[in-house]
Amino acid sequence: AKMLSSHGIKNARDLHDAPDRWVRARMGVTGLRTVLELRGQACIGLAAQPPAHKTRVVSRSFRDPILSRDVLGEAVASFAASAGEKLRAAKQVAGGLSIFIKTSRFAEGANHYADTATILLPEAANDTATLIGAALRGFGNIFHPGYRYKRAGVMLFDLGPEGGGMKSLFGSAASPRAAALTVACDRLNQRLGRGAI
């Protein structure tokens, strides 16, 4: 805005009338496309828009290997909560999730182990409690003591828009109270920093 204003361009009409060569030199190809769109020439097709995510993955390699079930479970729960936060920001829900844990393939003298658990949700969801509960169930099925875990993650899949998708025959998985709790946690995390709650 400062750059445009310093060259006498104060509104969309001024930008519309700016010479193409000047626009490209100062604003690049994307800026020129914007000006051409202002003039009624379609330059940014629908295919150029980023498609909606089909999966969301939150994972991490640990600096030091983790042996403790509780510590690794806490990391998996944190990844599920973070993935849920991203889903809610995109106004999406997930139909299922996969949890993976693995040791380092390069650690000398250590047995290698890797496994994945997939959980299908009875109803597509994005609330923290549902996602963490499912993630921990899957984690419990694949964790084995005695290994030095170096990486873990959660992948949400079968994504769709909020309010869409199949509903459970036995009622909603997320109660209004759980939804309100999730919103409150998101607001606190935005204010206090990610992972505060």
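General observations
- Normalised by the number of residues in the chain, the average gap of Cα pairs under 8 Å and 6 or more apart makes the relative contact order 24 percent.
- Burial ranking of peptide ranges 55-66, 127-138 (average Cβ count within 10 Å, highest at the top): 127-138, 55-66
- The dipole here belongs to region 38-139: it is taken about the Cα centre, uses +1 on the Cβ of Lys and Arg and -1 on the Cβ of Asp and Glu, and is about 440 debye.
- Exposure of Cys43 as accessible area (Å², to 10), given a probe of 1.4 Å and all protein chains: 40 Å²
- Fluctuation leader among Ala81, Ala125, Ala184 - the chain, Gaussian network, Cα springs under 10 angstrom: Ala184
- By the rule of a C-alpha distance below 18 Å, with chain neighbours fewer than 8 residues away ignored, the lysines paired with Lys10 are Lys2.
- Sum of side-chain charges, Asp64 neighbourhood, beta-carbon under 11 Å (Lys, Arg +1; Asp, Glu -1): +3
- Charged side chains reduced to their Cβ positions (Lys and Arg at +1, Asp and Glu at -1) give the chain a dipole of some 560 debye around its Cα centre.
- Taking every alpha-carbon pair within region 1-160, the share separated by more than 27 Å comes to 49 percent.
- Positive-pole candidate from Val58, Thr116, Gln190, dipole of the chain, charges at beta carbon: Gln190
- Accessible area of region 1-149 belonging to carbon and sulfur atoms, whole % at 1.4 Å probe: 53 percent
- Summed over the residues of the chain and divided among them, the accessible surface reaches 64 Å² per residue at a probe radius of 1.4 Å.
- Helices of the chain meeting both criteria, an alpha-carbon length of 20 angstrom or more along the long axis and an average Kyte-Doolittle score not below -0.5, with helices taken as full DSSP H segments, are 69-89, 128-142, 176-192.
The values are calculated or read from the model by the stated rules, or taken from the named source; none is laboratory data. Everything numeric in this text was worked out from a predicted model, so none of it was measured. Don't worry about glycine lacking a Cβ; one is built from the backbone with ideal geometry, like all the others, and counts go over all protein chains shown. Only protein heavy atoms, including side chains, enter the accessible area calculation; ligands, DNA and RNA are left aside. Shrake-Rupley method; radii C 1.70, N 1.55, O 1.52, S 1.80 Å.
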